[in-house]
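Asker: Mind looking over this structure? Questions follow.
The values are calculated or read from the model by the stated rules, or taken from the named source; none is laboratory data. What you are looking at is a predicted structure, and each value in this text was computed from that prediction instead of being measured. When we count neighbours, we look across all protein chains shown, and the Cβ atoms used for this are built from the backbone with ideal geometry, even at glycine. Just so you know, the surface numbers come from the protein's heavy atoms only, side chains and all, with ligands and any DNA or RNA stripped out. Shrake-Rupley method; radii C 1.70, N 1.55, O 1.52, S 1.80 Å.
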Amino acid sequence: MSTTIDTPDTMVSSPTGAVATAMRRYAWTLGLIGILAILLVFTKIIQPSYGLTGIQGLAISVLPLALAAVAQAVAVIARGIDLSVGSMMALTSVVAAALMEDRSEGYAILVVIGVLLLGLLLGAVNGSLIVVTRVPDIVVTLAMLFVWAGCALLVLKTPGGGSAEWLRGLTKGSLITPFIPKAALVLFLVVGAIWLPIRRSRLGLSLYAIGSAPLAAYRSGISVARTKIIAYMLTGLFSALAGLSLTASTGIGIPVPGPYTLMSVAAVVLGGVSLAGGRGGVFGPVIAVVILSLIRTDMTFMNVNTNMATVAQGLILVGVVMIGSLIQLRRDR
Amino acid sequence: MSAVTNSANSRPKWRTSAGVRLLFRERPIIPLLALLALLVVLSEVIRPGIVSANWAGVMIRAAIPLAILAGCQTITMLTAGIDLSVGAVASMSGFLVATLVGDYGLVVAVVIALVVSALVGLVTGVGVGIFRVHPLIMTLGMSLVVLGLANVWQIQKVQTGAGVPEEFRTLGAGMYFDVVPISLLVFLPLAALIIFGLNRTGYGRLLYAIGDNPIASRLSGVKSWQVLMILYVIAAVLAGIAGFLISGLNNTASVTLADTAVLPSVAAAVIGGTSILGGRGNFGGTIIGALILTVISSILSSLGYPEAVRQILYGSIIVFVAAAYTRITLEA
């Protein structure tokens, strides 16, 4: 990873140069994939019985956090941060569970569409409040964390509700070959279908532009306020997807936010998205989520206390970011 | 003609609003005190007879730990940082004392808890100051580390099962004549020290300087890594002290006891006029901010609303106050 970064001289206009440029551009993500591969091999070594069921379980268990990380990544790329991701997940999850309980499978389709619209609406409220009040993003979304969590409690006082069977089946098991867990497929399809077209469009460019230099973006004719609101709407949409995946995996709605907000911030940073905005993508954070989850699994296999796994996650978070900023510091010099 | 009347009409208006803005910007504590007074009146209107000397004491007692944690946020926010590890550190220090006091006595237990807190702060400070890790990430990571280690300690120590020491219960929950909270004995010197440190010492000025303009402060020879390292040690020790009071007030000690206070502590600092972007704020405002939040949550619970409505109102009020504050101070 560091070698690709430390060789800027290879940037020449030849085929190898193009590869080197791409390597440099995606260095962080490639490094993460490398770490993930090493971890998978390591897992197989310490636990020879770890196989397809293990990978399927992994895919199902990381789905909500992976979607939450994507949600957070969009906000952070646009130089924001959304501390209400976990609460929005709880709210959308209980709304879905409450509406789907004892209803037909077809009605559930309407519910899913409605919940996704709700996610867009929640994000629009967050974004508009930030733009209109000019209060820093972190403060507004911190306050909205309480508001959305309260709304979730209004919808369902205790864990309950239900889920349509097709929604539950969407993430369980595998498709075509056992090597493709459905949950992973859902993740890539959903993220690919929503994020990739946006990323390649004018809007995607605007998102990165207001993230890296809001003033320059403004002067090139981008409506910073509108783009920011759209960024938060996307964050809301992905949070709603994460909430739906929670309902799908548990079959009920839980009105209390899980540890998703802070873990999503951690995953975003590990995934190579700069907190200063404008840099990184959404696939890095997804891989980071898988890595974090796999480390926890490995530590269980090695009979390490699960609390030490929490310590390890914290140390990895801090350590990786330290290395990242060291590289950055050396480059700046 | 119309232009003349317009300007004639608008000028005095503009002046007063500028005056109000100046007042808010220079002396943010005055409008905050007015808001606090309004909330106290509101409490009395909603529940006639509730406001008494004892009520005031209870409010202050509840606000003190929050104010100390919000103090951690204030001093770190001055340098454009934030400390999300205060909850984990406070819980850990209270828990350490509760488990150690049986074997080693109170003084040793307190010293150990404070030293461990300081060590956590030192690691955070090294990360933020030397490695330039974003404070949000650094303190988030450290709170995971602290929580995990505290849990491991909990499993090691589960047999001894000592409780919160009597002294902490008196200190955290006791009140002289049912009016004056004993925790003021800890808080007043601490608050005086923080306010004096921020306003009257070179170190305090450096915090403002780094937050206001990091490049200018570096060019004038400030070694910001040293300042930041010391800063996060101070913040962690403050959080440790708050942990003693919280465990005493609740008469329990657990590794997640103070977690729920982290986000309100950020809110209290913001409401108290500290800018999360650095360079502006003071501890006096933060104390009032903590009192305001405490009174608001007391009003909300006395209204008998369910928890859900309380959370919604709480969040809305934070947005509203922060928005009003930003509008008044930034739009000159």
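Asker: Can you give the mean number of other chain Cβ atoms that lie within 10 Å of the Cβ atoms in peptide B:128-136? Each step should come with its number before you reach the end.
Answerer: Working: counts 0, 0, 4, 9, 8, 11, 7, 0, 6.
Mean number of neighbouring Cβ atoms from other chains: 5.
Asker: Another question, then. Please give the FRET efficiency for A:ALA276 paired with B:SER301, using the beta carbon to beta carbon distance and R0 = 60 Å, rounded to the nearest 0.05.
Answerer: It comes to 0.90.
Asker: If you take the beta carbon distance between B:LYS223 and B:LEU193 as r and set R0 to 35 Å, what does 1/(1 + (r/R0)^6) give as a FRET efficiency, to the nearest 0.05?
Answerer: The computed FRET efficiency comes out at 0.95.
Asker: Let me ask you something else. Could you work out the pair-distance distribution P(r) of the protein assembly as shown from its alpha-carbon pairs, with 20 angstrom bin width and percents rounded to whole numbers?
Answerer: The distribution over the protein assembly as shown is 17, 51, 28, 3, 0, given as percents.
Asker: Give the separation of the Cα centroids, the range A:291-317 to the range A:230-258, in Å.
Answerer: One Cα centre to the other: 25 Å.
Asker: Once you have a ≥ b ≥ c as the square roots of the Cα gyration tensor eigenvalues for the range B:28-330, tell me rounded if a/c is under 1.5, and otherwise prolate or oblate according to whether a/b is larger than b/c.
Answerer: It comes out oblate by the Cα gyration axes.
Asker: Per DSSP H run of n ≥ 4, the term is -39500 (n - 2.57); total these for the protein assembly as shown, divide by its residue number, and report the mean residue ellipticity at 222 nm rounded to 500 deg cm²/dmol.
Answerer: -25500 deg cm²/dmol
Asker: Find which of A:TYR232, B:ALA63, A:GLY258 sits farthest along the positive direction of the dipole of the protein assembly as shown, computed with +1 on the beta-carbon of Lys and Arg, -1 on that of Asp and Glu, about the Cα centre.
Answerer: A:TYR232
Asker: If you project the alpha carbons of the range B:195-332 onto their three principal axes, what span does each projection cover, largest first, in Å?
Answerer: The Cα atoms of the range B:195-332 stretch 56, 43, 22 Å along their principal axes.
Asker: For the range A:206-301, what class follows from the C-alpha gyration tensor (a ≥ b ≥ c being the square roots of its eigenvalues): rounded when a/c is under 1.5, otherwise prolate if a/b is larger than b/c, else oblate?
Answerer: Cα axes put the range A:206-301 in the oblate bin.
Asker: Related question: For chain A, would you read off the P(r) tail past 25 Å as a percentage of all alpha carbon pairs?
Answerer: Tail fraction, whole percent: 54.
Asker: While we're here: Pop a pseudo-label 7 angstrom from the Cα along the beta-carbon direction at both A:GLN47 and B:ILE155 and give the gap in nm to one decimal.
Answerer: Going by the 7 Å Cα→Cβ label model, 1.6 nm.
Asker: Summed for both chains, how many Å² of accessible area, to the nearest 100, are buried between B and A with a 1.4 Å probe?
Answerer: 3400 Å²
Asker: Rounded to the nearest 20 debye, what is the charge dipole size of the range A:28-332 about its Cα centre when +1 sits on each Lys and Arg Cβ and -1 on each Asp and Glu Cβ?
Answerer: Working: 18 positive and 8 negative charges, 159 e Å.
Roughly 760 debye for the range A:28-332.
Asker: Setting aside same-chain residues fewer than 8 positions from A:LYS228, which lysines have a Cα under 22 Å from its Cα?
Answerer: The qualifying lysines are none; the list is empty.
Asker: Follow-up. State, to one decimal in nm, how far the label point of A:ASP102 lies from the label point of A:MET23, with both points 7 Å from Cα in the Cβ direction.
Answerer: Distance between the two pseudo-spin positions: 6.3 nm.
Asker: Taking a cut-off of 24 Å between Cα atoms, list the lysines near A:LYS172, but don't count ones fewer than 8 places away on the same chain.
Answerer: A:LYS44, A:LYS182
Asker: Calculated FRET efficiency, B:VAL41 and A:SER220, Cβ-Cβ r, R0 60 Å, to nearest 0.05?
Answerer: Details: r = 51 Å, r/R0 = 0.85.
The pair B:VAL41/A:SER220 has a calculated efficiency of 0.70.
Asker: With just the Cα atoms defining each centre, how far is the range A:61-117 from the range B:113-159? Give it in Å.
Answerer: The range A:61-117 and the range B:113-159 have Cα centres separated by 32 Å.
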